[in-house]
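The values are calculated or read from the model by the stated rules, or taken from the named source; none is laboratory data. Quick caveat: nothing in here was measured; it's all calculated off a predicted structure. Every residue, glycine as well, gets a Cβ built from its backbone with ideal geometry; the counts of neighbours run over all protein chains shown. Side chains are part of the model used for accessible areas, which takes the heavy atoms of the whole protein and leaves out ligands, DNA and RNA. Shrake-Rupley method; radii C 1.70, N 1.55, O 1.52, S 1.80 Å.
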Amino acid sequence: MTRRLRTAIAVLAALVLAGGDPARAVEDPPPFGFVGAEVQAVALAEAQALGMEAPRGVFVRDLVPWGPAYRAGLRRGDVLLDYAGVSITGLQHLVSLVQGSRPEDVVPVARRRLGQEQSLSMTLIDYPPGWTVRTEATAVLPRLGLTLAALTPRMRERAGIRWGSTGLVVTEVAPDSPAAALGLEAGELLVAADRERLIDPAAAEFALAEAGVLLVEGRRGFRLLTLDDGAEPLPPPVMAAGVAWQAVPGLGLVVLDVAHRTPGAAAGLAAADLITAIEGAAAVPDADAARALAITPARLTVEGLDDAAPRTVALTPEPSLNLAEAVALIEPLGAAVASLTPPMRDSFTLRPGTRGTVVTSAVPGGRAAEAGLRPGLVIVAVNQRFVERPTDVAEELSAAAAQNAAEAVLLIEGPQGFRIVGLPLKDKPPPAPTPNLLQWNGEPAE
């Protein structure tokens, strides 16, 4: 812990004592069970693009990998058809169904993917910490030059924070301050100090006072910052098995990001997980151990931020996909897309766990632009099929056009998370000419 940070905390504590108790970020967990999925309505053309005659259910557009929905087998882009044995008619209907459930309920659900319907079962849990903050609250650390705010729904929307993220929002960083020297920026999240979640701004100073490592989430994803000036710099992250790992000496491997449809995702790993041991290895896992996970099957001892006890997961590597540099203009899309090579990731400031094809340009007035696509957004799937090369996008759109579909369903990832987008595949008919009003009224034009 730095002397500057301890001093700032002492000053803040004195200010709090002098000015009375600050507002606290009070959590208000609902009584119903936590599903761990973000959903979106299904439009008629989108339903027809997926082979349904009429809209049914809701789209699953995002999931937390440790949540009941993911563990039951739901994935991004699926259509959730039934909940608790009841056919879902829309978003509000699903909300009412979920509100009738309780933690530990075993709920049967049904999903549709690639034309196939499947029954699944999920076991609901209590709402995890940081998900139900409702009270606006802030804290100022003057000597750090840092202002923090509770992550309420209003703050999440205002700051553009992803669904599923928790922490304290950095609302202000003073120039040339210790916080600026750490690389913190407004709009980022302070997620955890060491292994403790940060939820209440009023309690942040005490958590930071004892922490050596700070977990931060920003536009590029998660990163670790050391809070002790005398500590050795952390080794750079290692990407292996679809996971970005960072070694913390004496602690283990911290998961910074997990790419979809990779061994890390299949193992249920999530950002902020800590790998404390690898079966058969005597030492605390380090960067070399992380590199070995790209080719060597392993059983990992994992501690999540909210886990009551460590868990063991099996990680089975798969051959890495070496993407060639490829950029192509997809005419039905009205945009150019590229494979996600390292230079392309750097160019658009993309997270290490992002997979798909990135939009590099969009034709003004074209179909992609009409659907809200812009450079830097990533197309993850087309009609529920994963796309990782420009040719994948072209093939899926051609297949949809051959079926005379009016739209294709795209799963998109951007800075604010995931969403489902309907891409028009047919040109709109030209607008009918506006008649001369005098002639339309049966009167001669002047």
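Show that you can apply the helix-only estimate: for the chain, add -39,500 (n - 2.57) for every DSSP H stretch of four or more residues, divide by all residues, and state [θ] at 222 nm to the nearest 500. One gets -5500 deg cm²/dmol as the mean residue ellipticity at 222 nm. Structural descriptor for the range 333-399: relative contact order 34 percent, calculated from alpha carbon pairs under 8 angstrom and at least 6 residues apart.
Counting Lys and Arg as +1 and Asp and Glu as -1, what is the net charge of the other residues whose Cβ lies under 13 Å from the Cβ of Pro31? Write out the running numbers ahead of the final one.
On the way: positive: Arg102; negative: Asp28, Glu104, Asp105, Asp126.
Surrounding charge for Pro31 is -3.
Express in nm, to one decimal, how much length is gained between Leu224 and Ala282 on full extension, taking 0.36 nm for each residue of separation and deducting their alpha carbon distance.
Values: separation 58, 0.36 × 58 = 20.88 nm, distance 2.49 nm.
Gain on extension, Leu224 to Ala282, equals 18.4 nm.
Other residues with beta-carbon under 13 Å from the beta-carbon of Pro68 carry, at +1 per Lys or Arg and -1 per Asp or Glu, a net charge of -1.
Take every Cα pair under 8 Å whose residues are at least 6 apart in sequence, average their separation, divide by the length of the range 32-93, and the relative contact order is 35 percent. Using heavy atoms of the protein chains and a probe of 1.4 Å, the accessible area assigned to Asp126 is about 100 Å².
Under 8 Å for C-alpha pairs, at least 6 residues apart: give me the relative contact order for the range 253-296, rounded to a whole percent. Rounded, it is 37 percent for the range 253-296.
Along the axis of the charge dipole computed for the chain (Cβ charges of +1 for Lys and Arg, -1 for Asp and Glu, origin at the Cα centre), the listed residues Leu251, Ala281, Met155 are led at the positive end by Ala281. Computed from Cα positions, the angle between helix 3-19 and the longest principal axis of the chain comes to roughly 80 degrees.
Once all protein chains are placed together, Phe222 keeps about 40 Å² accessible to a 1.4 angstrom probe. Going through (i) 22.3; (ii) 24.1; (iii) 24.7, the figure that equals Kirkwood radius over Cα pairs in Å as computed for the structure here is (ii). Specify whether the C-alpha gyration tensor of the range 148-286 places it in the rounded, prolate or oblate class, a ≥ b ≥ c being the square roots of the eigenvalues: rounded for a/c under 1.5, otherwise prolate if a/b is larger than b/c and oblate if not. Since a/c reaches 1.5 but b/c is at least a/b, the shape of the range 148-286 is classed as oblate. Over the range 48-123, the Kirkwood radius and the radius of gyration, each from Cα atoms, give a ratio Rg/Rh of 0.94. Going by the alpha-carbon gyration tensor, a ≥ b ≥ c the square roots of its eigenvalues, is the range 294-374 rounded (a/c under 1.5) or, if a/c is not under 1.5, prolate (a/b greater than b/c) versus oblate? Prolate, since a/c reaches 1.5 and a/b exceeds b/c. Paramagnetic label reach from Glu196 (point 7 Å along Cα→Cβ; backbone nitrogen cut-off under 14 Å): within the range 228-263, no residues. When each of the peptides 214-221, 194-201 is scored by how many other beta carbons lie within 10 Å of its residues on average, the order from highest to lowest is 194-201, 214-221. Ordered by solvent-accessible area of protein heavy atoms (1.4 Å probe), largest first, the residues Ser320, Ser361, Ser101 come out as Ser320, Ser361, Ser101.
Loop-only check: which trypsin sites (Lys or Arg not before Pro) in the range 72-150 are DSSP coil with at most 14 other Cβ within 10 angstrom? Each step should come with its number before you reach the end.
Numbers: sites: Arg75, Arg76, Arg111, Arg112, Arg113, Arg134, Arg143; in loops: Arg75, Arg76, Arg134, Arg143.
Passing sites in the range 72-150 are Arg134.
With every protein chain in place and a 1.4 angstrom probe, the accessible-area ranking of Glu117, Glu46, Glu210, largest first, reads Glu210, Glu117, Glu46.
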